[in-house]
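Everything on this sheet refers to the single structure shown next.
No value in this document is a laboratory result; all are computed from the given coordinates. Predicted, not measured: the structure shown is a model, and the values here were computed from it. Cβ placement follows ideal geometry from the backbone for every residue including glycine, while neighbour counts extend to all protein chains displayed.
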Ligand SMILES: Cc1ncc(COP(=O)(O)O)c(C=O)c1O
């Protein structure tokens, strides 16, 4: 066994040149998206009004195992990839655990997160199709920043609907997006029917990812040659994020290592879906049996307390319906600081893996998340994003279990980003002003009881 360096960087030549499509190895595929008007599965063509053609194709492709990464995309990937696989020696020592803790750090770019991995191909395909621009939503702001960077690189106009809670908490995020030339609107806004309807009900609505999606989709379908792009949840996004897992697998192989447990935070599921991709492949093919663990906020517990059902991907109910673990698209999570994890549903691919017993899930309250974030920052010299700190919490729990059981397991987790724009949250935590909000069963039932009724389906 080789001694792992603190930070292992692959060479540019070792960056994988194809994404891996996890669906190709799933014996039972995720359920198809349904057209809300007909209750029938959507076709690739049905998606053309919303998505550009290549991305609609990737969305529907359940069979092709590897999809070549276009040369132009690889070129921009090289601005910040390969990302390092880090060994948390200091943390291991502090925890006095026999476990080996590795993490894949995706925060080494201006967007500060893994989101750029999908922003680049989405902007590239949109430009290649000759679109006049794209619209999107952003929660914590990382996705919007990433897409602003990618659109700027390919010369494509961008309009971002930013969840109002984050817009107010992180004004500098907006300034970065504007630096890259994007226009940014706080959601819910009065620029769309979806936004106006929500504001009429409650002028102080803090917004949610589902609501921002409705607004961005509405702008795309009513705009001229403008399409919508999404930073998570969709099959295509998990496909692009497989670069994270593929690089991790190459690096671990160089170290003669293999993870016993792979952990990621889960908002819409894109980083987790990408990180676990090659390991889930081994599991599906029966070659290895790593545990795959999602960590979600206790305030927005779609996997651990949601229902596996067809639901709209957005609050405004204008997207197709996806079968996923969901709290109901009308659920508005409390404005916790991990804005990127405030989504009512979970990627259909992960939902299916979880439903079929290939994946586990745990939820955690935000004060515990910040305990973990602070400990990690002290020992690893990286200030994590609150979203990423959910995965850190999961890794610490596993490392403590290893200590109690005297087991030297190999833990791999995804450190999706940095938290430099989350200092209000860190400050609240330090001043004892941070609250945990965990919805009651009755509160969750309100939105889950409003799940769509589809004759013959649910
Ligand atoms: C740093 C960071 N990590 C994780 C997430 C969660 O998204 P996903 O579940 O799609 O990876 C976000 C979303 O905004 C994020 O900004």
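Using alpha-carbon positions, what is the distance between the centroids of the stretch 364-435 and the stretch 225-304, in Å?
18 Å
Quick check: the angle from helix 142-154's long axis to the longest principal axis of the chain, C-alpha only, nearest 10 degrees?
Computed tilt is about 80 degrees.
Under a crude label model (7 Å from the Cα following the beta-carbon direction), how far is residue 179 from residue 61 in nanometres?
Here the answer is 3.5 nm between the modelled labels.
Ranked from highest to lowest mean number of other Cβ atoms within 10 Å per residue, what is the order of the peptides 138-151, 393-406? Spell out each step's value before the answer.
Details: 138-151: 30.0, 393-406: 18.9.
Highest to lowest by the protection proxy: 138-151, 393-406.
Taking square-rooted eigenvalues a ≥ b ≥ c of the alpha carbon gyration tensor, is the stretch 109-193 rounded, prolate or oblate, where a/c under 1.5 means rounded and, failing that, a/b exceeding b/c means prolate?
On the way: a/c = 2.02, a/b = 1.32, b/c = 1.52.
Judged from the Cα gyration tensor, the stretch 109-193 comes out oblate (a/c at least 1.5, b/c at or above a/b).
Can you give me the angle between helix 235-254 and the longest principal axis of the chain, using Cα atoms only, in degrees from 0 to 90, rounded to the nearest 10?
On a 0 to 90 degree scale, this one is about 10.
Before rounding to the nearest 500, sum -39500 (n - 2.57) across all DSSP H runs of length at least 4 in the chain and divide by the residue total; then give [θ] at 222 nm in deg cm²/dmol. Walk me through the numbers on the way to the answer.
Values: 17 runs with 184 residues, N = 458.
It comes out at -12000 deg cm²/dmol, rounded to the nearest 500.
If packing is taken as the mean number of other Cβ atoms within 10 Å per residue, what is the order of 103-111, 85-93, highest first?
103-111, 85-93
Computed from the mean reciprocal separation of all distinct C-alpha pairs, what Kirkwood hydrodynamic radius does the chain have, in Å? List each step's numbers first, then the result.
On the way: mean 1/r = 0.0461 Å⁻¹.
So the Kirkwood estimate lands at 21.7 Å.
Once you have the Cα-Cα distance between residue 53 and residue 38, take 0.36 nm times their residue separation minus that, and quote the gain in nm to one decimal.
Working: separation 15, 0.36 × 15 = 5.40 nm, distance 2.21 nm.
So the chain would gain 3.2 nm between residue 53 and residue 38.
Kindly rank 55-66, 187-198 from highest to lowest mean number of other beta carbons found within 10 Å of each residue.
Working: 55-66: 17.4, 187-198: 21.0.
Descending packing order for the listed peptides: 187-198, 55-66.
Over the alpha-carbon set of the stretch 220-331, work out the extent along each principal axis and list the three values in angstrom, largest first.
52, 36, 24
Can you bin the stretch 26-126 into rounded, prolate or oblate? Criterion: square roots of the alpha carbon gyration tensor eigenvalues sorted a ≥ b ≥ c, rounded for a/c under 1.5, prolate for a/b above b/c, oblate for the rest. If you can, show how the numbers build up before the last one.
Details: a/c = 2.91, a/b = 1.77, b/c = 1.64.
Taking the square roots of the gyration eigenvalues as a ≥ b ≥ c, the stretch 26-126 is prolate.
Looking only at the chain, where both bridge partners belong to it, what percent of the DSSP beta bridges are antiparallel (to the nearest 5)? Walk me through the intermediate numbers first.
On the way: 19 of 51 bridges.
Just about 35 percent of them are antiparallel.
For an R0 of 45 angstrom, estimate the FRET efficiency from the Cβ-Cβ distance between residue 72 and residue 6 and round to the nearest 0.05. List each step's numbers first, then the result.
Values: r = 33 Å, r/R0 = 0.73.
Computed FRET efficiency for residue 72 and residue 6 comes out at 0.85.
If you find the alpha carbon centre of the stretch 129-192 and of the stretch 96-114, how far apart are they in angstrom?
Answer, in whole Å: 26.
Relative to the present Cα-Cα distance, how much length would full extension add between residue 27 and residue 253 at 0.36 nm per residue of separation? Can you show the working numbers first?
On the way: separation 226, 0.36 × 226 = 81.36 nm, distance 2.62 nm.
Full extension from residue 27 to residue 253 adds 78.7 nm.
Rounded to a whole number of µm²/s, how large is the Stokes-Einstein D of the stretch 130-264 at 25 °C and 0.890 mPa s, given Rh as the Kirkwood radius over C-alpha pairs?
Reported coefficient: 152 µm²/s.
Taking R0 as 60 Å, what FRET efficiency do you get between residue 408 and residue 201 from their Cβ-Cβ distance, rounded to the nearest 0.05?
Working: r = 54 Å, r/R0 = 0.91.
In this case the efficiency is close to 0.65.
Which shape class, rounded, prolate or oblate, goes with the stretch 68-220 when its Cα gyration tensor gives a ≥ b ≥ c as root eigenvalues, a/c under 1.5 marks rounded, and past that a/b bigger than b/c marks prolate? Present the calculation step by step, with values, prior to reporting the outcome.
Values: a/c = 2.72, a/b = 1.38, b/c = 1.97.
It comes out oblate by the Cα gyration axes.
Mind pulling the angle between the C-alpha long axis of helix 386-405 and the longest principal axis of the chain? Nearest 10 degrees, somewhere in 0 to 90.
30 degrees
Restricting the calculation to Cα positions, tell me the Rg (one decimal) and the Dmax (whole number) of the stretch 1-80 in Å.
17.9, 58
So if each residue of separation counts as 0.36 nm, and I subtract the Cα-Cα distance between residue 457 and residue 13, what length gain in nm does that give? Write out the running numbers ahead of the final one.
Working: separation 444, 0.36 × 444 = 159.84 nm, distance 4.79 nm.
Here the segment from residue 457 to residue 13 would lengthen by 155.0 nm.
Fewest Cβ neighbours within 10 Å first, please rank 321, 252 accordingly. Each step should come with its number before you reach the end.
Details: 321 26, 252 21.
Ordered by Cβ neighbours within 10 Å, fewest first: 252, 321.
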